[in-house]
Amino acid sequence: MTNEYSPITYRPYPHDLQFQQVFLKDTEERACALIAGPAPNRWGLTSEGIDLFESIGNMSADNDDQSKSEAQNKLQGRFRSHPLFFAITLGLLAEIINSRLFTTVRDSLGLTYDVSFELNLFDWLKLGWYVISVTSTPGKVYKAVDACKNVLRGLHSNKIDPTELDRAKRTLLMRHEAESKSNAYWLGLLAHLQAASVPRKDITCIKDLNSLYEAATVKDLYLAYDQLKIDESSLYSCIGVAGAQAGEEIAAEEESIEGLHSVLPLGGRGLSTMTRPTT
């Protein structure tokens, strides 16, 4: 007997559901927010049924870069055709976005206690999503949400610097090396390796992991970034506010964030919550 099921997809929702607010009367004032949007899955498949490897299949692998050796150019070409291309590039991108969010929204603007960017990539589902989590105060949480959206959308106006990419590579490679001492981590890496339902996962997704991170370039990250849906019609956000006057008019605080679009410093620390690239 064949099991029938309806595939999980992103369904259209009324516009008023894309931004929601929850108010809770409480003696302690606090606020949090979530911002989410669609992403491809780990293997470059989208909810629209698009195989992203087909869209990048005709791109050259920077062969016109005279500063690279022939071996480096070949490695670049193999990387863009590797099944883990989008998992690796989205993971590095998540690390960079995390760093920018922390440095901008928390350190520079002082709008949050904590902020993080998390990718949810899947093996079987032909979709993924990202979530920005924010903890703040009732008087700052709305500004914090706007600031997070500006950072998320600002990667084209404020280009990724090679030093940011190098930092992200070091962070993820060090994490991989540290977690390699755990049996649970290895079980995660080996999951679905022989599963017919995950045909793109093979042994190279484990043995080539280090070289795949090293091969990634800034241009590769922008190929991944362009697959994240960050326009207003694709974003979903929810703000929760607790306090004695929750739901009533929240007085604006004295901080002004005029010129926010141009205040996007590079680098800094960030907490990466990247999904492991092969599980």
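The values are calculated or read from the model by the stated rules, or taken from the named source; none is laboratory data. Since the structure is predicted, the reported quantities are computational estimates derived from the model, not experimental observations. Heads up, the Cβs are rebuilt from the backbone with ideal geometry, glycines too, and the neighbour counts pull from every protein chain shown. For accessibility, only protein heavy atoms count, side chains too; no ligands or nucleic acids. Shrake-Rupley method; radii C 1.70, N 1.55, O 1.52, S 1.80 Å.
General remarks:
- Check on residue 211, in contact with a strand residue (DSSP E or B) (Cβ under 9 Å, 6 or more places away or on another chain), within 23 Å of residue 122 (Cα to Cα) and either at pLDDT below 95 or open to solvent by 30 Å² or more (accessible area, probe 1.4 Å) (or both): no
- Members of the range 115-171 found to be more than 17 Å from residue 236 (Cβ to Cβ) and touching a Cys at 6+ places or on another chain (Cβ under 6 Å), listed by number: 135
- Figure legend. Inter-residue proximity from the range 31-51: first residues more than 22 Å from residue 233 (Cβ to Cβ), second residues among the acidic types (Asp, Glu), beta-carbon distance below 8 Å, spacing 6+ or different chains. Indicated pairs: 42/123; 43/123; 44/51.
- Spans of helices (runs of 4 or more DSSP H) in the range 129-208 with at least 2 residues without any contact (Cβ under 8 Å) to a residue 12 or more places away in the chain and open to solvent by 40 Å² or more (accessible area, probe 1.4 Å): 162-179, 183-190
- Considering (1) of a type outside the set (S, T, N, Q); (2) assigned to a loop (DSSP other than H, G, I, E, B); (3) modelled with pLDDT of 90 or more; (4) within 30 Å of residue 55 (Cβ to Cβ), the lone condition that residue 270 does not fulfil carries the number (3).
- Within the range 103-117, if we keep just the residues that are assigned to a strand (DSSP E or B) and open to solvent by 20 Å² or more (accessible area, probe 1.4 Å), the residue that is farthest from residue 131 (Cα to Cα) turns out to be 114.
- Annotation for the range 219-226: at least one member residue is out of contact with any helix residue (DSSP H, G or I) (no Cβ under 8 Å at 6 or more places or on another chain), modelled with pLDDT of 90 or more, acidic (Asp, Glu) and open to solvent by 30 Å² or more (accessible area, probe 1.4 Å).
- Residue list for the range 118-127, filter: open to solvent by less than 40 Å² (accessible area, probe 1.4 Å) and out of contact with any Lys or Arg (no Cβ under 7 Å at 6 or more places or on another chain): 119, 120, 127
- Here the condition is being closer than 25 Å to residue 123 by Cα, modelled with pLDDT of 95 or more and surrounded by fewer than 24 Cβ atoms within 10 Å (Cβ to Cβ); of 85, 79, it holds for 85 alone.
- Within the range 11-26, the set of residues being touching a Leu at 6+ places or on another chain (Cβ under 9 Å) and either in a loop (DSSP other than H, G, I, E, B) or over 16 Å from residue 239 (Cβ atoms) (or both) comprises 18 only.
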